[in-house]
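Here the structure comes first, spelled out in structure tokens, and everything after it is commentary.
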Amino acid sequence: MKIDNTLPLEYSTEQNRMNVLGFWIFLGAEVMLFATLFATYFTLAHRTGNGPSGAEIFEIAPVLIETFLLLTSSFTIGLGVHAMRLGRKNAMIAFFAVTLLLGLAFLGVEIYEFTHYVHIGAGLQTSAFTAILLTTLGTHGAHVTLGLFWGLFIILQVKKRGLTPETANKSFIFSLYWHFLDVVWIFIFSFVYLKGMM
Amino acid sequence: MSELFPRKQVMGFVFSLVLTAAALTVYFMDLSFAVGMTVLLVTAFVQAAVQLVVFMHAGETDDKVAIYMNIYYGVAIALVTIFGTLLILVWDM
Amino acid sequence: MDYFDRFAIPHPSPAIYASMVAIGLTVVAIIFGLTYFKKWGYLWREWLTTVDHKRIGIMYLISALIMLFRGGVDAIMMRAQTAVPDNKLLDAQHYNEVFTTHGVVMIIFMAMPFIYALMNVVVPLQIGARDVAFPRLNALSFWLFFMGAMLFNISFVIGGSPDAGWTSYFPLAGNDFSQSVGTNYYMLSIQIAGIGTLISGINFTTTIFKMRAPGMTLMKMPMFTWTALITNAIVLFAFPVLTIALLLGTMDRLFGTNFFTMTNGGMDMLWANLFWVWGHPEVYILILPAFGIYSEVISTFSRRNLYGYKSMVGSIVIISFFSFLVWTHHFFTMGQGPLTNSIFSITTMAIAIPTGIKIFNWLLTMRKGSIKFTVPMLYSVGFIPIFTIGGVTGVMLGMASADYQYHNTMFLVAHFHYTIIPGVVFAMIAGLTYWWPKMFGFMLNERIGKWAFWFIAIGFNVTFFPMFFTGLDGQARRMYTYSEATGFGPLNMLSFAGAIVLMIGFALIVYNVYYSTRYASRNISADPWNARTLEWATHSPVPSYNFAITPQVNSIEALWDHKKKGQPLFSGPIEKIHMPNNSGVPFIMSCIFFVWGFSFVFSMWIPAIITTIGIFVCMAHRSFEKDDGYYISVKEIEDTEKECEVQSR
Amino acid sequence: MKTKLAFYSLVISIFAVLAGCEPVMVLDPKGPQAETTANVIWISIATMAFVVVVVFGMMAYIVFKYRASRQSPDYEPPHIEGNHLVESIIVGIPVLIIIFLSIVTVKSTYEVEATPKGYEDQKPLIVYASSSDWKWHFSYPEENIETVNYLYIPTDRPIEFRLYSYGPITSFWIPQLGGQKYAMSDMVTKLHLAATVPGEYMGRNANFSGKGFAENIFEVKAMPESEFDKWVEDVKSTAAPLSEEKFKELLEPGHLGQMTFSGTHLKFLPPPEGEHGGHNH
């Protein structure tokens, strides 16, 4: 593999550049995946059957905490990629670790939220509305969970193998994924929670 | 230490917090549906753009045309799908 | 014993028992044959673990052909059942299963792999690339598709086939009205194959964006590559919708959610809506590569450059966007208001404009040409009038008020077969015949091929043209029988006769493959058709590294200008070539996916959890794996090149 | 070429056979809505026939004239990129055709979705048509009677069908009176039809709904208003009343013959509209 030293490590080989573009294209597909969930959510939002409506079950506090955690994690992983470009391996690992911890905290709050919903009678089988609510949140949550494992693997690899074109490329792609999850969350925050509580 | 906190990214973070706070007005203030939705649409899409440009470095390589085309195309079709679905199933015209 | 009851067929018949025995015997024969001839190692090394786009293409091709015959048998059974009024050949339940599997198999497991077969073989060669962007993912795509197809096909002998139509409208497909596991098979097998297709979409889009030969700008790409790019872009944005629709459907069936049910706020129309948001673009996913194939074939055998290249490109880009704007026309009668229907009517009819541009451009390409009627050209020329009928009836169906009378009738069935068969099947046979020498190093027999064409073309029209009339006379689709008083009898009999002729045509194609494999000359040149694009600039069959030297391109028809104007194509010395390693992981992961799907079909949660973990272990393995590929040395390349030269002399 | 000739003669003979038959149902309208759609269909067939003739003609000419066997072996076809005039013609004419058909479509779609033309000032007869596996239930709320699998309607009076389903999506279709519309479980759809000619017509569910789908048909009889009123009176005085238990029994999957009741099921099992609608609009 030819290595081009004029570019940042993550772009330094042809395969790396392809990986990055390929991942962007994958994100295009993810846009459609979540758009479909949103379309379904908006269609079913008021079809509550005998179950509760969104305004009845949403709580602002956990949602705000989740939003703040995810926004901050998106910032720290951005700093992580910046540190990586400066070649500062340890700083980068530290930022990635902080990101994953924030992600873990987010997931914790989300799990609390889910149990709370089920507890107050808004389970998966309650109504079309609760089903699509939990499915939309769950799909995002599953992405975050996958990201936690993926990020952990990347930290381990960077630690062991150092910053090579390969590990830098993986780290950068992971950061794209993480930022994207933040974008999705912003839409969930705005159009599921805030719209529901408006 | 300060080199690890580039101005652009810090500003981006602050801006995204501000946008979140702005979106929260729909919760704390009693806005009409139309005004509230406008606020949410504006804050959400600006927020997404901040992530895309500041944090995801969408425009930094030669592939930026392909990347932006991909995103615009995806968002356009996403909007068509969402609003088309609403038109058919909810708005009933 | 109760536990095993669910694996039994709910509606067994002698035919099903016979096929169980046949499938069992075939499996035993294959295992015995592989062991006896000591071919297990060969199969594993050369095929199951391969990441070579050409071999993956060939595997797609074989699967597609097998599925074509599986779906074809279903079709013959349907035509036989409806040939005479009050026929008792099949009962309602069997007929429902047969038309459901016919639709699913033909669209998802025949047409899709067929187009990916040709894209796999041709696209990297046409753009002068070594392979696709992500060879390992390419293998994963194929094996996911393959396992999805296998999962769908075992429904026939374990647990029962789906019977709610290929569209699986809820609530009919829900637990209340479809209690057997058939629809679970539908949901999960299409999901698995669909994930594979989505991965292919990403892979090919990246390949075409990033791996074109030096000098090949977007506007210098051959037409087939253009259509491949746009097709994969549609795949990219359409398949996630299917993923979600199937996810929600699966949850309704397995986890008791209420997305599409009749109670607790569920909405049955939502399924129809999501299904067609994917389903309509899917139609263009199928037809665009066909347009690409026709462009290549017509241009080659008219010995003319493609007329109006820019407008051709423009029209496919417009089609790709419009394909997402018309889905409502599949359910105009669902009760949404006239404004919605009017909007979607207009967008639907508007697609006819870019499609028309293409038809006229092909005609104008043939004009002033020197037309040679080879087999691929026959299919291309036959396509134009037949597809025109399909297209104009499509415009008729797109008119909402008239659609209220065509919807759900045989008129619709006639229409979409008039588009899909010339638009996909004809194109695939044309492409298959055209690129066969590139894949296998010998040509298919022209004489048998022409006979097959005439049988297929005539059989097709005799089968489907009468349906326009029975539809207008009130014959709904999917009726397993009708009374004599309806008067549908004679035309349905004519359809059945046509189906027999059609079947003979397909049998002739199989015979042609057999005959040509045995008797055709292996002494063919790299460019036996006197063609115009890059794939014909390397040897037939193609060496593993595709091109010894990366080609330099500076026009749309690189090879033609090289031949006619002497423009240099290959310059510079031979260098060592980097190649990806084979890997067994895609195959193993897909096998796990198969078990995963099977576990979900029968709600067996322990294996479902184990296989889910297994899938993630495979992904983790990939993350930690170090795989730098290998190099083919200069000497090895020179030796291979010499050998190819000698062979084709 | 010979085989092609055989093909065309076959197509022509099919047409000839059909010309001898009775007209197909959809093109033999017995009411204003079906007439509108039949007219739209004829307009579209005529327009599309023009397209087909142009394409077939061009193709036959080109394929005949430029085949290799007619040309000298050293003929070298020219390189032509395209021609703006030609390309704007092949875009322009289809655009005009589509605009024309769009106007026809929009106009006729609004027409068939509204009360039939010429009947706007008459009070429509309201009939609730609900499907269950695999039957049709027709409730006449104002007359307070209900039938199964057959439908009597007066001629020259608009009829407003309100459609819904007790199971899978079905499609209510009487080809000779007008187009079809879906009947679904969680909303009521409306279909406006009228018959001008007395007679018996075929009606059916056109949307696949499971095992009994093929036989999911009903008979429609259109008759002058006076005759219809008499039939209503007869039913009221002779037919057994429809009880809730009896109706639940009718809903069981299966096929039933024609049945007649006095009273409707709408009282004890209200249709999914208004406050009972699953729909939020």
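Laboratory data are not the source of any read-out in this text; all were calculated from the coordinates shown. All of these numbers come straight from a predicted model, not from anything done at the bench. Reconstructed Cβ throughout: ideal geometry from the backbone, glycine too, with neighbour counts over all protein chains shown.
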Subject >> About the Cα centre, charge dipole magnitude for the stretch D:125-267 (Lys/Arg +1, Asp/Glu -1 at Cβ), debye >> reply: 380 debye
Subject >> Tail weight of P(r) past 19 Å, computed on alpha-carbon pairs of the stretch D:125-267, percent >> reply: 46 percent
Original post:
If you keep only loop residues by DSSP, which chymotrypsin sites (Phe, Trp or Tyr not before Pro) in the stretch A:114-198 have at most 11 other Cβ atoms within 10 Å of their Cβ?
Top reply: none
Subject >> aspartates and glutamates with Cα under 15 Å of C:Lys626, excluding same-chain neighbours fewer than 8 positions away >> reply: A:Glu166
Original post:
For chain D, what is the calculated [θ] at 222 nm in deg cm²/dmol (nearest 500), taking -39500 (n - 2.57) for each run of four or more DSSP H residues and dividing by its residue count?
Top reply: -13000 deg cm²/dmol
**OP:** Considering the convex hull of the alpha carbon atoms of chain C, report its projected area averaged over all viewing directions, in nm², one decimal.
**Re:** 29.6 nm²
Original post:
Given the stretch D:125-267, what percent of its DSSP beta bridges are antiparallel, to the nearest 5?
Top reply: 70 percent
**OP:** Mind checking which of D:Ser185, D:Thr260, D:Met223 is farthest towards the positive end of the stretch D:125-267's charge dipole, using Cβ charges of +1 (Lys, Arg) and -1 (Asp, Glu) about the Cα centre?
**Re:** D:Ser185
Original post:
Going toward the positive end of the dipole of the protein assembly as shown, with +1 on Lys and Arg Cβ and -1 on Asp and Glu Cβ, which of A:His119, D:Val95, A:Leu104 do you reach last?
Top reply: D:Val95
**OP:** Can you find, among C:Asn232, C:Met503, C:Ile549, the residue farthest towards the positive end of the dipole of chain C? Put +1 on the C-beta of Lys and Arg, -1 on that of Asp and Glu.
**Re:** C:Ile549
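Rounded, prolate or oblate for the stretch B:2-91? Axes are the square roots of the Cα gyration tensor eigenvalues, ordered a ≥ b ≥ c, and the cut-off for rounded is a/c under 1.5.
The shape class here is oblate.
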**OP:** Report, in degrees rounded to the nearest 10, the 0 to 90 angle that the Cα long axis of helix C:410-420 makes with the longest principal axis of chain C.
**Re:** 10 degrees
Original post:
Which cross-chain or sequence-distant (5 or more) residues have an amide H under 5 Å from the amide H of C:Ala531, H modelled 1.01 Å from N in plane?
Top reply: none
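About its Cα centre, what dipole magnitude does the stretch C:559-649 give when the only charges are +1 on Lys and Arg Cβ and -1 on Asp and Glu Cβ, stated in debye to the nearest 20?
300 debye
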Subject >> Cβ-defined net charge surrounding A:Leu137, 12 Å radius [Lys, Arg +1; Asp, Glu -1] >> reply: -3
**OP:** Would you pull out the residues with amide H under 5 Å of C:Asn581's amide H, same chain only if 5 or more places away, H placed 1.01 Å from N?
**Re:** C:Gly629, C:Tyr630
Original post:
Against the longest alpha carbon principal axis of chain C, how many degrees, from 0 to 90 and to the nearest 10, is the axis of helix C:375-398 turned?
Top reply: 40 degrees
Original post:
Which whole-number percent gives the relative contact order of chain C, counting Cα pairs below 8 Å spaced six or more residues apart?
Top reply: 17 percent
Subject >> Sequence of C:Thr82, A:Thr135, B:Thr25 once ranked by neighbouring C-beta atoms within 10 Å, starting from the fewest >> reply: B:Thr25, A:Thr135, C:Thr82
**OP:** Please determine, in degrees from 0 to 90 and to the nearest 10, the orientation of helix B:64-86 with respect to the longest principal axis defined by the Cα atoms of chain B, where the helix direction is its Cα long axis.
**Re:** 20 degrees
Subject >> Interatomic Cα distance distribution for the stretch C:139-198, bins of 10 angstrom, percent >> reply: 26, 48, 24, 3
Original post:
Amide H to amide H under 5 Å from D:Leu125: which residues, 5+ apart in sequence or cross-chain, H placed 1.01 Å off N in plane?
Top reply: D:Ile159, D:Glu160
Original post:
Once you average over the residues of B:14-21, how many Cβ atoms of partner chains fall within 10 Å of each Cβ?
Top reply: 3
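For a Förster distance of 56 Å, can you work out the FRET efficiency between the beta-carbons of A:Thr6 and C:Glu484, rounded to the nearest 0.05? Walk me through the numbers before you get to the answer.
Values: r = 81 Å, r/R0 = 1.45.
Computed FRET efficiency for A:Thr6 and C:Glu484 comes out at 0.10.
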Original post:
Fewest to most neighbouring Cβ within 10 Å: what's the order for D:Trp42, C:Trp166, C:Trp536?
Top reply: D:Trp42, C:Trp166, C:Trp536
Subject >> Given charges at beta-carbon only (K, R positive; D, E negative), |dipole| of the stretch B:2-91 in Debye >> reply: 100 debye
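What order do you get for C:Asp52, D:Asp229 when you list them from fewest to most C-beta neighbours inside 10 Å?
By the 10 Å Cβ count, ascending: D:Asp229, C:Asp52.
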Subject >> Radius ratio Rg over Rh of the protein assembly as shown, counting only Cα atoms, Kirkwood formula for Rh >> reply: 0.97
